[in-house]
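Encoded as structure tokens, the structure appears first; notes follow it.
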Amino acid sequence: GQQLNQSPQSMFIQEGEDVSMNCTSSSIFNTWLWYKQEPGEGPVLLIALYKAGELTSNGRLTAQFGITRKDSFLNISASIPSDVGIYFCAGLYAGNNRKLIWGLGTSLAVNP
Amino acid sequence: GAGVSQSPSNKVTEKGKDVELRCDPISGHTALYWYRQRLGQGLEFLIYFQGNSAPDKSGLPSDRFSAERTGESVSTLTIQRTQQEDSAVYLCASSLTIGSGVEAFFGQGTRLTVV
């Protein structure tokens, strides 16, 4: 089935550093969503993107819907320890506009 | 409640027993998803319900797994003759899937341990 390629798989950074992660697909997507999952919890929606080229911020988080509609990026600026968790991308692609497709996640660790 | 509710939060069962997991979606959400997440892994799609349409069962790993949902209400995921490899967190999510409301909202999951 359709899959999203999410990278990097894991990151270990120092507090204060900026972080960048991305998702790519061989197919065109209509919607991109970014989630964060903390230990023992379900994923929580961070940012939703609906238009190619769209750039949306949520505090220190910024996500972009790639102009080709085949990729999306999530950036975290000035990381803090509570940014620790697994970040997932998800999307709806043109071939099946009702079921979300998920990346495998980026695990982020922040060293205080 | 305001969010997606799953029960039980934890379940320990003996190998070979059947288990039933419950999900209460957000009121008015037409779509409901079940996922399995093994320790340290990503989300593994199991099944998707959309309104009264036939469910997408393409992710169910074996015929021991089944799920039901009546209309836009509660869903149950049943695992028969559980095996140790079934141990995981089972997550449920719901979404509107109307216009731009495709964002999925998750419950806290049911942690299943098969001993």
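Which value in Å does the Kirkwood hydrodynamic radius of chain B take, with 1/r averaged over all unlike C-alpha pairs and then inverted? Could the numbers behind the result be given before it?
Values: mean 1/r = 0.0708 Å⁻¹.
Hydrodynamic radius (Kirkwood, Cα only) of chain B equals 14.1 Å.
With a Förster radius of 41 Å, plug the Cβ-Cβ distance of B:Asn10 and A:Ala109 into 1/(1 + (r/R0)^6) and report the FRET value to the nearest 0.05. Mind dumping the intermediate values first?
On the way: r = 26 Å, r/R0 = 0.63.
Taking R0 as 41 Å, the efficiency between B:Asn10 and A:Ala109 is 0.95.
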Amide H neighbours of A:Leu46 at under 5 Å, excluding residues fewer than 5 places away on the same chain, with H built from the backbone geometry, are A:Trp34, A:Tyr35, A:Lys36
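Quick one: net charge of A:Ile47's neighbours, Cβ under 11 Å, K/R +1, D/E -1? Kindly include the intermediate steps, with their values, before the conclusion.
On the way: positive: A:Lys36; negative: A:Glu54, B:Glu103.
Result for the local shell: -1.
Fewest first, what order do B:Asp63, B:Asp24 take by the number of other Cβ atoms within 10 Å?
Values: B:Asp63 7, B:Asp24 18.
Fewest-to-most ranking of B:Asp63, B:Asp24: B:Asp63, B:Asp24.
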Using a basic spin-label model with each label point 7 Å from the Cα along Cα→Cβ, how many nm lie between A:Glu54 and B:Thr113?
4.2
In whole Å, largest first, what are the principal axis extents of the Cα atoms in region B:11-61?
35, 21, 20
Going residue by residue through region A:82-93, the Karplus relation 6.51 cos²θ - 1.76 cosθ + 1.60 with θ = phi - 60° gives ³J(HN,Hα) values, rounded to whole Hz and with x marking Gly or Pro, of 6, 6, 4, x, 10, 9, 10, 9, 8, x, 10, 9
Under the 0.36 nm per residue contour assumption, what length would be gained going from the current alpha-carbon distance of A:Glu41 and A:Asn5 to full extension?
10.6 nm
Does anything in region B:31-75 have its amide N under 20 Å from the 7 Å Cα→Cβ label point of B:Leu96, and if so which residues?
B:31-33, B:49-53, B:72-74
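Please state, as a whole number in µm²/s, the translational diffusion coefficient that the Stokes-Einstein equation yields for chain A at 25 °C and 0.890 mPa s, with Rh defined as the Kirkwood radius across alpha carbon pairs.
Details: Rh = 13.9 Å.
Once the numbers are plugged in, D ends up at 176 µm²/s.
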Just to check I understand the Karplus step: with θ = phi - 60° and J = 6.51 cos²θ - 1.76 cosθ + 1.60, what whole-Hz values come out for region A:38-54, glycine and proline as x?
9, x, x, 10, x, x, 10, 5, 9, 8, 10, 10, 10, 10, 4, x, 4
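No lab work stands behind these numbers, since they all come straight from the coordinates. In this text the structure is predicted, and so the values were computed from the model without any measurement. Glycine also receives a Cβ, built like all others from the backbone with ideal geometry; neighbour counts cover every protein chain displayed.
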